[in-house]
Amino acid sequence: MSSQTQKQRVLQQIAAIPTMERGKLSTYSFKDRPGANGPYYKLQQWQEGKNHTRYIPADEAPQIEAALAGYQEYQELTAQYADLVIEETRKSLADSKKNSQRRSSSANKKRSNS
């Protein structure tokens, strides 16, 4: 599969991610509150150098988990995309270096034959 085709496939997969959320979802409970219904959820994330916490209703936890998985998939796919572009860049640089060496060595041969 060509590099261009692989890049297009990765971009399509990124575009197909339905939801994303950053952070970590944790459960917690109140041990000192008898009869407190739980579990309780909080979503923690870093934004602008600060830790922010959002409290999540139990019925929204599955959607938040799916959105966190979507963001994880996004990160993996963007890393794959970057690897493909880096590979192309390195190959392009190596090819241009080979071509410039060929040109300079053929020019030197022409000069020495004169």
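Below are the figures for this structure:
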{"read-out": "Residue within the range 54-61 that is exposed (fewer than 11 other Cβ atoms within 10 Å of the Cβ) and in a strand (DSSP E or B) present", "value": "yes"}
{"read-out": "Residues that are out of contact with any helix residue (DSSP H, G or I) (no Cβ under 6 Å at 6 or more places or on another chain) and either surrounded by 13 or more Cβ atoms within 10 Å (Cβ to Cβ) or modelled with pLDDT of 95 or more (or both), drawn from the range 1-18", "value": "Gln8, Arg9, Leu11, Gln12, Ala15, Ala16, Pro18"}
{"read-out": "Some residue of the range 37-53 being of a type in the set (Val, Ile, Thr), at pLDDT 95 or above and part of a strand (DSSP E or B)", "value": "yes"}
{"read-out": "From Thr5, Thr19, residue being without any contact (Cβ under 8 Å) to a residue 60 or more places away in the chain, in a loop (DSSP other than H, G, I, E, B) and closer than 30 Å to Val85 by Cα", "value": "Thr19"}
{"read-out": "Residue match in the range 73-94 (condition: more than 19 Å from the chain's Cα centre (by Cα), at pLDDT below 95, aliphatic (A, V, I, L, M) and part of a helix (DSSP H, G or I))", "value": "yes"}
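The values are calculated or read from the model by the stated rules, or taken from the named source; none is laboratory data. Everything numeric in this text was worked out from a predicted model, so none of it was measured. Every residue, glycine among them, receives a Cβ derived from its backbone with ideal geometry; neighbour counts consider all protein chains shown.
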